[in-house]
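Coordinate-derived values only; no laboratory data. Remember, it's a predicted structure, so these values are computed and weren't measured experimentally. Cβ atoms come from the backbone with ideal geometry, glycine included; neighbour counts cover every protein chain shown.
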Amino acid sequence: MDDSLADEVRRLRTVEQLSVREIRARTGLGRNRIHDLLRDVPAPERTRRPNAKDDLRAAAVELRAEGCSVNDIARQLGVAKSTAYQWVRHLPLAEEGAGAERRRAHAALMNEARWSAPRKARDAARAAEQVRAAGLVGSLADRDLLLLGAAVYWCEGTKSKPWRRDDRLQFVNSDPGLLALFLRFLEVCGVDRAVPSYRISIHETADLDAALKWWARKLDLPVGRFQRANLKKHRPATLRRNVGDDYRGCLVITVPRSRELYWRIEGMIAELFQTVGLGEPSMPVREA
């Protein structure tokens, strides 16, 4: 476009204070083109039309300041909830006070009414599925325990690396079920529970004595085989959920002189991988 025509459009806007419609009539340009040329030029005051809902918007802001919800504002002003929300969305309600407490209580009731029946149906279906699946387990033979224990160890236990040889069994977990399964695996392999050493890894703010007694009683472990605990430093800035009386840290099980047993686990896992179609056995690379 000719620069002179662009300058003329701006002059009509700033000097003669014409509206877009009037500039179109004067120049013959399209509306979008004129808006592009006037992007940084404010509209004349005379072309600004008052918003019919300015008073309602101001009233909505006042009601919000008084603690009214979007639904209350929409009902009192006779506007759509979406409109009321757009007017006051930059003004969140305070979380304290009687109004906030009522809203939370109402939301809880509505949530319970909405999800109570589906939740009960889900819980019933879950319980039924658990019972059906539990019936598939039955008794475990030694072979079952060997394979389960090897798989569990390969998931959660420490493993040798090509750059760091460590052919011994060390199993760390906080789930007593997995720990009990690993201990049964050791027993099938001929390792009594009095052979490994045990160590608790726990935050320093927890009750270490209570945790030690709990683990010993839960897994039938000899207290004399427990080593000095590993205490984790407490960081106040960290939001931890593993707190309270139910927090007992992790239990570390270390089996001494377990190199050959570790090699047996490697062999079982390699064969399992090959059986499910991995191909060549996946064995750690050994240095000569």
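Give me L146, L37 sorted ascending by neighbouring Cβ count inside 10 Å, so fewest comes first. Mind showing how you got there, number by number?
Working: L146 17, L37 20.
If I rank by nearby Cβ atoms, fewest first, I get L146, L37.
Which angle from 0 to 90°, rounded to the nearest 10, does the C-alpha axis of helix 3-14 make with the longest principal axis of the chain?
The two axes meet at around 80 degrees.
Neighbouring Cβ atoms within 10 Å as the yardstick, rank D209, D36 fewest first. The partial results should precede the final answer.
On the way: D209 9, D36 13.
Starting with the residue having the fewest Cβ neighbours, the order is D209, D36.
What is the angle, in °, between the Cα long axis of helix 54-65 and the longest principal axis of the Cα atoms in the chain? Nearest 10 is fine, range 0 to 90.
30 degrees
Restricting to lysines 8 or more places apart or on different chains, can you count the pairs in the chain with Cα atoms under 30 Å from each other?
Here the count comes out as 11.
Divide the volume of the convex hull of the Cα atoms of the range 97-162 by its number of residues and quote the answer in cubic angstrom per residue. Intermediate results must be reported in sequence, preceding the final value.
On the way: hull volume 12.7 nm³, N = 66.
With only Cα atoms used, the range 97-162 gives 193 Å³ per residue.
Subtracting the Cα-Cα distance from 0.36 nm times the residue separation, let me have the gained length for R132 to R21 in nm, one decimal.
32.4 nm
Taking the Cα atoms only, what angle lies between the long axis of helix 176-188 and the longest principal axis of the chain, rounded to 10 degrees?
Helix 176-188 sits roughly 30 degrees off the main axis of the chain.
What is the distance, in nm, between label points placed 7 Å from the Cα along the Cα-to-Cβ direction at A117 and at D72?
The modelled label-to-label distance comes out at 3.1 nm.
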